[in-house]
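The values are calculated or read from the model by the stated rules, or taken from the named source; none is laboratory data. Everything quoted here is computed from the prediction, not taken from an experiment. Positions of Cβ are generated from backbone atoms using ideal geometry, with glycine treated the same way; all protein chains shown enter the neighbour counts.
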Amino acid sequence: MDSSTLTVPTTATELESPFIDRRSSTPRGDAPVRERRQFTNSHSELSPEAAELARAIDEYKARHRRRFINYEEVLGVVKALGYAK
């Protein structure tokens with residue numbers, strides 16, 4: 001392909017679709033704003049032990065205002081539940 005035939009849009013009017021900034025913090029419509037979680041909010045498909053761990057991790061994340069946690073924090077939650085090596 002010859003580089004002289006390649007055209008790149010340089011202005012907003014040349015673009016086919018306008019840029020939409022989706023980073024705004026204002027909610028759209030009537031949808032409730034929910035915090036995104038590392039694990040799903042539905043624990044119904046998990047075993048009782050796994051659901052207990054998932055709830056404990058969710059509680060930890062909410063209490064510490066963390067969206068994602070590292071392995072050290074997961075280990076702390078597991079030990080707080082009484083598990084030991």
- prompt: Any residue in the stretch 2-24 that is at pLDDT below 60 and surrounded by 10 or more Cβ atoms within 10 Å (Cβ to Cβ)?
  reply: yes
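Mind listing just one residue for me: the one in the stretch 60-74 that is loosely packed, with under 12 Cβ neighbours inside 10 Å and within 23 Å of E45 (Cα to Cα) and, of those, modelled with the lowest pLDDT?
Per the stated criteria, the residue is R67.
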Taking the stretch 40-54 and the residues there that are exposed (fewer than 14 other Cβ atoms within 10 Å of the Cβ) and within 17 Å of the chain's Cα centre (by Cα), the one that is modelled with the lowest pLDDT would be T40
